[in-house]
Amino acid sequence: MAAAQRPGARPVVALTGATGFIGSAVREALAARGVEVRALVRGEPVADGHTAWVPGDLADRSALDGLCAGAGVLLHLASRVAGGEEECAAVNDRGTAAVMAAATRAGVGRIVHLSTTAVYGEGPHTDLGVGGVPAAPLSAASRTRLLGEGHALAAGAAVLRPALVTGTGDRWVVPALAELARRVPGRWAGGTARLSLVDRTDLARLVTGLALDAPDRVTGVHHAAHPEPVRSGDLLDALAGLGLLPAQDGPALPWAECRRRLAAAPGLVSERQFAMVARDHWYRSDAIWRLAACPPGPGPLARLAGAAPWYRTALGL
């Protein structure tokens, strides 16, 4: 049976992944609104003064029951984004099944689960609606996150699929762009590729809106990016303008030439990862903002200046 809430009272929010890239931003957004947060933690808790920490992990039924007991909302943001099949399955598949079962036992009223557009597999994708192409994940992380979606949907969750997430703490998107700008200088595919991006603070606002502000419980799968895609060339120009990348004033390179030059200059970023920022990966994302009663904000390019000091340190500039 669902826990009773006082009329007008904020629900207790149960949170996983609370110390991660997205989860820490969500925790801060909830704290700013005076919400009681109960968060699962494996290691040492963060002494932030506003989170009740529950020691344990996604394999600990007792900890998950304690996390969800009396909560009105579950935000399941924990995931494994790299590693082998078993490592990823333990968190993304079995761990999600376990926390969704705990939420069901506790009668949690609203559930938000974080997934990824990587479940679609190989692009390019242009103005893609949810389910516009069959899911075809290519990595252990993506395959197991797709399995996790199934558990979340069975529990009545809103499943969010962000694409590229930027902002303070981003250790993939802008660092990858910095590497690629060195390996393949120029305008990749003319700089016209459209990318779905969202700043982590805006994604946190969206998650918080679904938890607290949406007039109705939201269920099903939804893309979670800013509604307006960003041109790859505009993204590179914005980063260059902040001194985070060299100016990309080289020639417009067709995709075949991009691939050739990438192969000739070995590095950490793979061709598939390069394609994610050099070819269309644009996912229709306007509906979820309306459902959450959350304005999408000015967009990820406008947010880059706020994250620039963190990126400078991360990039060793």
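The values are calculated or read from the model by the stated rules, or taken from the named source; none is laboratory data. Keep in mind it's a predicted model, so treat the numbers as computed, not measured. Cβ atoms come from the backbone with ideal geometry, glycine included; neighbour counts cover every protein chain shown. These accessible areas exclude ligands, DNA and RNA; they are computed on the full protein's heavy atoms, side chains included. Shrake-Rupley method; radii C 1.70, N 1.55, O 1.52, S 1.80 Å.
For the stretch 104-259, the carbon plus sulfur part of the accessible surface works out to 54%, probe radius 1.4 Å. For the stretch 120-155, the residues whose backbone nitrogen is under 18 Å from a point 7 Å from the Cα of ARG171, taken along Cα to Cβ, are 141-142. Length gained on full extension, ARG105 to ALA302, computed as 0.36 nm times the residue gap minus the Cα-Cα distance: 66.7 nm. For the chain, the share of DSSP beta bridges that are antiparallel, to the nearest 5, is 5%.
Separation of the stretch 170-207 from the stretch 212-252 is 7 Å, based on Cα centroids.
Rounded to the nearest 10 square angstrom, LEU128 shows an accessible area of 20 square angstrom against a 1.4 Å probe. Karplus-derived 3J(HN,Hα) values for the stretch 20-30, using 6.51 cos²θ - 1.76 cosθ + 1.60 with θ = phi - 60°, are x, 4, 7, x, 5, 5, 5, 4, 5, 5, 5 Hz; glycine and proline are entered as x. Here the simple spin-label model places points 7 Å from the Cα toward Cβ, and for VAL46 and ALA154 these points are separated by 3.2 nm. Across the protein chains, with a 1.4 Å probe defining accessible surface, the residues SER62, SER142 rank SER62, SER142 from largest area downward. With contacts taken as Cα pairs under 8 Å at a separation of at least 6 residues, the chain carries a relative contact order of 19 percent.
Its relative contact order, with pairs defined as Cα atoms under 8 Å and 6+ residues apart, puts the stretch 219-296 at 51 percent. Please build a GNM for the chain, connecting alpha carbons under 10 Å apart, and tell me which residue among LEU114, LEU197, LEU138 fluctuates the most. Between LEU114, LEU197, LEU138, it is LEU138 that shows the largest mean-square fluctuation. Across the stretch 33-47, computed HN-Hα scalar couplings (Karplus, 6.51 cos²θ - 1.76 cosθ + 1.60, θ = phi - 60°) run 9, x, 8, 6, 10, 10, 10, 6, 9, 8, x, 6, x, 7, 7 Hz from first to last residue, x flagging Gly and Pro.
Working note: Debye formula, equal point scatterers on the alpha-carbon atoms of the stretch 50-90, no solvent; log10 I(q)/I(0) at q = 0.18, 0.25 Å⁻¹ is -0.64, -0.98. Diagonalising the gyration tensor over the Cα atoms of the chain and scaling each eigenvalue by 5 before taking the square root yields semi-axes of 35, 20, 18 Å, largest first. Full extension of the chain between GLU28 and ASP286 gives 90.5 nm of extra length, using 0.36 nm per residue less the Cα-Cα distance. Our estimate of slack between LEU268 and THR313, defined as 0.36 nm per intervening residue step minus the Cα-Cα distance, is 14.3 nm. Using the alpha carbons alone, the radius of gyration of the stretch 90-177 stands to its Kirkwood radius in an Rg to Rh ratio of 1.01. Based on C-alpha pairs under 8 angstrom that are at least 6 apart in sequence, the stretch 162-317 has a relative contact order of 41 percent.
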